[in-house]
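This report refers to the structure that appears directly beneath it.
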Amino acid sequence: METSTESAELNNYIDQPLSKNAQKRLKRKELWESKRDDRKIERKRKQHEKRERDKQVKRQKYLDEHNPENATEGDGSLLSAKPKEEHIRHTSTNIHCVIDCAFDDLMSEKVHIL
């Protein structure tokens, strides 16, 4: 709720003449606000188009990968695809490998002792 002082201040502000720059700012702001719905519609339309393009690309990619009659050797789609690598089973052993590169003169005494 407005108090009487707030409404009086508001009336004084409205009665004051605006400068040209203030009028231009106000006009731009009103124009911006009036086109808000148009911007929203345009933004949603672009999002929808992007989603449709992405779906089409994904669909085409799936069809290319799963349709063997489209695949040729030079095409590079199915026949040149890498087969999945087999998982290597890691086992721990007690084998250690030591390589002496003869850098003893470059090592500090602390490291040399280890």
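The values are calculated or read from the model by the stated rules, or taken from the named source; none is laboratory data. Computed from a prediction, not measured in an experiment: that's the story for all the values here. Virtual Cβ from ideal backbone geometry, glycine too; neighbours counted across all protein chains shown.
Points to keep in mind about this one:
Conditions tested, residue by residue: (1) among the basic types (Lys, Arg); (2) modelled with pLDDT under 75; (3) exposed (fewer than 10 other Cβ atoms within 10 Å of the Cβ).
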position: THR5; (1), (2), (3): no, yes, yes
position: PRO17; (1), (2), (3): no, no, yes
position: ASP64; (1), (2), (3): no, no, no
position: GLU73; (1), (2), (3): no, yes, yes
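- Looking across region 75-104, just one residue is at pLDDT 75 or above and among the basic types (Lys, Arg), and that is ARG89.
- For first residues located in region 38-67 and touching a residue at least 60 places away in the same chain (Cβ under 8 Å) and in a helix (DSSP H, G or I), partners that are surrounded by 10 or more Cβ atoms within 10 Å (Cβ to Cβ) and basic (Lys, Arg) and lie 6+ apart or on another chain with Cβ distances below 6 Å do not occur.
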